[in-house]
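Remarks on the structure that follows.
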Amino acid sequence: MRSNRLREPRAHLTAVWEFHVRADKRRAFEKAYGPTGDWARLFGRAEGYIRTELFRDPTKPGRYVTLDFWTSRVAYQQFKHQHIAAYKTLDRRCESLTAHERRIGEFAKAVPRNLIQSAVSGQITIRGATPADLETMITLERQTPSAAHWNVNTYVEIFNDTPPRRIALISETDDDLLNGFVVARFDADNGELENIVVAKHAQGQGIGFELAQRLKTAAQELECKQILLEVRESNRAARRLYEKSGFQISGRRKSYYQDPQEDAILYTLRL
């Protein structure tokens, strides 16, 4: 019989802290730092937080370790950036509970299963990306030489509410294997395809085409008139994908790319 309980997201980052708690403050410490305590409630304000676990050393009274599980390092960094004032306030409130504390470190999953499979298996779904997907998207982009390489802040800006509006779509299988993603920005009547990445294990299986078609549908729903893009002249695989998806050559930018220097071919998809 299938359980109706929602599946917990996979943790790809665990923040680990060690505490030495004052003898008369242990009950208050456990209340504040436990799975339903003040810190867990603060973390719970952020998307990407999963849970907190608290462990007590049975051989050393007053020694504790906390494990805070997050879907990604990006989600954890976003929390610290967005809630820094509340974090500092709660930290000051809890100072009297401990004699000593230290951050042991932040630990990522040693072998991310959703990046090591060699072929697409299972049902493919295309959905809107969320901040919880960012670390996996960035890892996949870094593994794809032909992709546009962005810094972390640029990826975080995808989900900002400030203009220009961006749409990011993810292709994944039902076992959470990431096949690829596409990101586009929209301003007035125009859209610009900024980045499209297909994982090595998924290439040649129509993933890029499906992402482009779903992006086209999203653009039409926004009443966009056209989608533009630019691509290295030598990137034959990407150019075949764009032309198959309905894009047509509309121009050229001489020596637009560097390292190595190369022309950019401009494409337009009329909607």
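We did not get these values from a lab; they are worked out from the coordinates using the rules stated. Bear in mind that the values here come from a model prediction, so they are computed numbers and not experimental data. So basically every Cβ, Gly included, is an ideal-geometry build from the backbone, and we count neighbours across all protein chains shown.
What is the dipole size for the chain, taken about its Cα centre, with +1 at each Lys and Arg Cβ and -1 at each Asp and Glu Cβ, in debye to the nearest 20?
On the way: 42 positive and 35 negative charges, 144 e Å.
Its charge dipole is roughly 680 debye.
Which part of the range 165-189 falls in the paramagnetic zone of Arg127, meaning amide N under 11 Å from the point 7 Å along Cα-to-beta-carbon?
Residues passing the 11 Å test: 170-177.
Is the shape of the range 168-234 best called rounded, prolate or oblate, per the rule: a/c under 1.5 gives rounded, else a/b larger than b/c gives prolate, else oblate, with a ≥ b ≥ c the square roots of the Cα gyration tensor eigenvalues?
It is oblate, given that a/c is not under 1.5 and a/b is not larger than b/c.
Compute the relative contact order of the chain as a whole-number percentage, counting only Cα pairs closer than 8 Å that sit 6 or more residues apart in sequence.
14 percent
For the chain, what does the alpha-carbon gyration tensor say about shape, rounded, prolate or oblate, given a ≥ b ≥ c as the root eigenvalues, a/c under 1.5 as rounded, and a/b over b/c as prolate?
prolate
Compute a Gaussian network model of the chain, connecting alpha carbons closer than 10 Å, and tell me which residue from Gln213, Gln77, Gln226 fluctuates the most.
Gln77
Using amide H atoms built 1.01 Å from N in the peptide plane, name the residues 5+ places from Asn195, or on other chains, whose amide H lies under 5 Å from its own.
For Asn195, whose amide H was placed from the backbone, the distant partners under 5 Å are Val183.
If the elastic network links every pair of Cα atoms under 10 Å, which of Leu13, Leu229, Leu90 fluctuates the most in the Gaussian network model of the chain?
Result: Leu90 has the largest fluctuation of those listed.
Using DSSP to define loop residues, name the trypsin sites (Lys or Arg not before Pro) in the range 144-229 whose beta-carbon has at most 15 other beta-carbon atoms within 10 Å.
On the way: sites: Arg165, Arg166, Arg185, Lys200, Arg214, Lys216, Lys225; in loops: Lys225.
Of the trypsin sites (Lys or Arg not before Pro), the ones in loops of the range 144-229 whose Cβ has at most 15 other Cβ atoms within 10 Å are Lys225.
From the phi of every residue in the range 163-168, what ³J(HN,Hα) in whole Hz does the Karplus formula 6.51 cos²θ - 1.76 cosθ + 1.60 yield, where θ is phi - 60° and glycine or proline is x?
Result, ordered by residue: x, x, 6, 10, 10, 10 Hz.
Rounded if a/c is under 1.5, else prolate if a/b is larger than b/c, else oblate: which is the range 122-270, with a ≥ b ≥ c the root eigenvalues of its Cα gyration tensor?
Values: a/c = 1.34, a/b = 1.19, b/c = 1.13.
Rounded, because the longest to shortest axis ratio a/c is under 1.5.
Okay, helix-only estimate at 222 nm for the chain: each DSSP H run of n ≥ 4 adds -39500 (n - 2.57), divide by all residues, round to 500 deg cm²/dmol; what do you get?
Per the formula, -7500 deg cm²/dmol.
For the range 13-108, compute Rh as the Kirkwood radius over C-alpha pairs and then the Stokes-Einstein diffusion coefficient at 20 °C and 1.002 mPa s; write the answer in µm²/s, rounded to an integer.
My calculation gives 158 µm²/s for D.
Could you run the Karplus curve 6.51 cos²θ - 1.76 cosθ + 1.60 with θ = phi - 60° over the range 146-156 and give me ³J(HN,Hα) per residue in whole Hz, x for Gly and Pro?
7, 6, 6, 9, 10, 7, 4, 4, 5, 5, 4
Would you tally the net charge around Glu157, using a Cβ to Cβ cut-off of less than 13 Å, leaving Glu157 out, and scoring K and R as +1, D and E as -1?
Working: positive: Arg165, Arg166, Arg185; negative: Asp161, Glu194.
It works out to a net charge of +1.
So which residue, out of Thr14, Thr154, Thr52, gets the largest mean-square fluctuation from a GNM of the chain using Cα contacts under 10 Å as springs?
Thr154
Hey, which lysines would be in cross-link range of Lys80, C-alpha to C-alpha under 21 Å, not counting anything within fewer than 8 residues on its own chain?
Output for Lys80: Lys88, Lys109.
First select every other residue whose beta carbon is under 9 angstrom from the beta carbon of Ala32; then total the charges, Lys and Arg +1, Asp and Glu -1.
Every neighbour counted, the sum reads 0.
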